[in-house]
1. Show the residue pairs meeting these rules: Cβ distance below 7 Å; 6+ apart or different chains; first residue within the range 98-117 and of a type in the set (Phe, Trp, Tyr); second residue surrounded by 11 or more Cβ atoms within 10 Å (Cβ to Cβ).
2. When only residues in the range 10-35 that are of a type outside the set (A, V, I, L, M) and touching a residue at least 40 places away in the same chain (Cβ under 8 Å) count, which is farthest from Leu49 (Cα to Cα)?
3. Give the residues of the range 1-15 that are among the polar types (S, T, N, Q), open to solvent by less than 100 Å² (accessible area, probe 1.4 Å) and assigned to a loop (DSSP other than H, G, I, E, B), sorted by residue number.
4. Can you pull out the residues in the range 80-97 that are free of Cβ contacts under 8 Å to residues at least 40 places away in the same chain, of a type in the set (A, V, I, L, M, F, W, C) and crowded, with 16+ Cβ neighbours inside 10 Å?
5. Kindly check whether there is at least one residue in the range 72-79 that is surrounded by 14 or more Cβ atoms within 10 Å (Cβ to Cβ) and of a type in the set (Gly, Ala, Ser).
Amino acid sequence: MQQLFPARDQDCALEALRRLAPQAAILFTRGADGMSLISPDGTLEQAALPAQVTDTIGCGDASIGGLIASLLKHPARTMAEHLRFAAATAACTAGHAGAYAPDETMVNAKLALPSAA
């Protein structure tokens with residue numbers, strides 16, 4: 001966030017971004033500290049899921065891709081479920097060197113693990 005607004009702290013940067021697009025949903029990832037989905041309806045938090053971390057390259061991109069895929073393929077899910085799918089996608093990506101896009105089967109297997117509950 002601070003790359004977009006380098007002169008502002010994180011909260012001010014998020015506020016500035018919300019003013020630019022008040023109806024947008026913003027996925028804010030924080031690596032091992034989880035992610036937030038900020039929308040006009042409020043903010044949802046999702047903890048990072050356990051991962052055997054090999055490389056974090058592409059985890060942010062994978063999480064937004066997972067969120068979009070979940071929204072498109074499973075419209076009946078709650079936003080919290082979509083966000084959890086995004087976190088599982090990022091966790092799967094972290095287990096591979098370089099940018100890696102896990103498939104839905106791999107993400108669902110991650111979600112089925114007891115440690116993902």
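The values are calculated or read from the model by the stated rules, or taken from the named source; none is laboratory data. For clarity, every value in this text was computed on a predicted model and none was experimentally measured. Cβ sites come from the backbone with ideal geometry, for glycine too, and all protein chains shown count toward neighbours. For the accessible areas, the whole protein counts, side chains as well, though only heavy atoms, and no ligand, DNA or RNA atoms are used. Shrake-Rupley method; radii C 1.70, N 1.55, O 1.52, S 1.80 Å.
1. Correct list of pairs: Tyr100/Gly58; Tyr100/Thr93.
2. Thr29
3. If the condition is that a residue be among the polar types (S, T, N, Q), open to solvent by less than 100 Å² (accessible area, probe 1.4 Å) and assigned to a loop (DSSP other than H, G, I, E, B), then Gln2 is the only one that fits.
4. The answer is Phe85, Ala88.
5. Among the residues of the range 72-79, not one is surrounded by 14 or more Cβ atoms within 10 Å (Cβ to Cβ) and of a type in the set (Gly, Ala, Ser), which makes the answer no.
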